[in-house]
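Asks: One structure coming up, written as structure tokens, with questions to follow.
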Amino acid sequence: MFNDFKVQLTTFDWNGVSGLTNILMVFLTAFLLYSLRQGSKNIKESALSRDADILRWAMAEMDILKPAIRVLTDAHKRIAYCQCTDNHIKEFECNWTPEELLAAQEVSVKLQRVGYMALHNLISRNHFMNIWGPMYLSTWYSLEPWVKHKRLEMDEPLTIEEGAYSRMYLEQFAQYCEVNMPDVLVNNERRRFNLPEIIIKKPLISRHIKKNFRRSTEKLDI
């Protein structure tokens, strides 16, 4: 009976090794997929946390600016920065007080920075627009004559389409809000400042704003 039992030490069964390797590869692949899924989840959660922190920072900045913005918008409702309409020249009569001019400087600098971050999605531009879009627009409508004269003082063109730098991102994000906010909200703000109503139905941001997105190497005017 025991004569039929033989141990062959010189023979190696590669089929068994291949089967064991296949099993190990299945477990290893499953482990790698699980690790990748967890890593992707952690990255997404980290990005959401970062975005929330930056948005909270922007909201805090806007809260701090509220008194200066109120000074600015009240000044514009009382009387415009200048009686220039569309004809801005270097020699003009300024209608604002020193306090109102100081508010214009402070607000324009900070909203320039916030506008840059929002346009480049360092802050979620849509979340920021949904919360602060109307106030941002009202601030721009009040500041526009002041910005145009600032550009004249610096020998720049009056419009960003022609190459103006001063407060460029402030104006661009205001344009983004006009294009992407509901028309009723935009026109509510325009009526408050005696501006003609507009109808903008565009699914995407306007062409000249897209062009300026690509000008990432241009200096930020602060």
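The values are calculated or read from the model by the stated rules, or taken from the named source; none is laboratory data. These numbers come from a predicted model, not from an experiment. FYI the Cβ positions are ideal-geometry reconstructions off the backbone, even for glycines, and counts take in every protein chain you see. Just so you know, the surface numbers come from the protein's heavy atoms only, side chains and all, with ligands and any DNA or RNA stripped out. Shrake-Rupley method; radii C 1.70, N 1.55, O 1.52, S 1.80 Å.
For (1) under 22 Å from residue 191 (Cβ atoms); (2) of a type in the set (Val, Ile, Thr); (3) touching a Gly at 6+ places or on another chain (Cβ under 9 Å); (4) open to solvent by less than 40 Å² (accessible area, probe 1.4 Å), each residue gets a yes or a no:
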residue	(1), (2), (3), (4)
104	no, no, no, yes
110	no, no, no, no
142	yes, no, no, yes
147	yes, yes, no, yes
156	no, no, yes, yes
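Asks: Among the residues of the range 112-131, which ones are closer than 19 Å to residue 185 by Cβ and either among the acidic types (Asp, Glu) or surrounded by fewer than 22 Cβ atoms within 10 Å (Cβ to Cβ) (or both)?
Replies: Within the range 112-131, 124, 125, 126, 127, 129, 130, 131 meet the criteria.
Asks: Continuing with this model, one more query. Among the listed residues 43, 69, 23, which satisfies the condition of being in a helix (DSSP H, G or I), over 17 Å from residue 141 (Cβ atoms) and either modelled with pLDDT of 70 or more or open to solvent by less than 50 Å² (accessible area, probe 1.4 Å) (or both)? Let's see the steps before the verdict.
Replies: Numbers: 43 fails: either modelled with pLDDT of 70 or more or open to solvent by less than 50 Å² (accessible area, probe 1.4 Å) (or both); 69 fails: over 17 Å from residue 141 (Cβ atoms).
Selected residue: 23, the only one of 43, 69, 23 that is in a helix (DSSP H, G or I), over 17 Å from residue 141 (Cβ atoms) and either modelled with pLDDT of 70 or more or open to solvent by less than 50 Å² (accessible area, probe 1.4 Å) (or both).
Asks: Look through 52, 60 and report the one residue that is at pLDDT 80 or above and open to solvent by less than 100 Å² (accessible area, probe 1.4 Å). Steps first, please.
Replies: Working: 52 fails: at pLDDT 80 or above.
Testing whether each residue is at pLDDT 80 or above and open to solvent by less than 100 Å² (accessible area, probe 1.4 Å) leaves just 60.
Asks: If you take the residues of the range 73-83 that are at pLDDT below 90 and surrounded by 15 or more Cβ atoms within 10 Å (Cβ to Cβ), which of them is farthest from residue 155 (Cα to Cα)?
Replies: 80
Asks: Those residues that are more than 11 Å from residue 174 (Cβ to Cβ) and hydrophobic (A, V, I, L, M, F, W, C), I need them from the range 136-159; list them, please.
Replies: 146, 152, 154, 158
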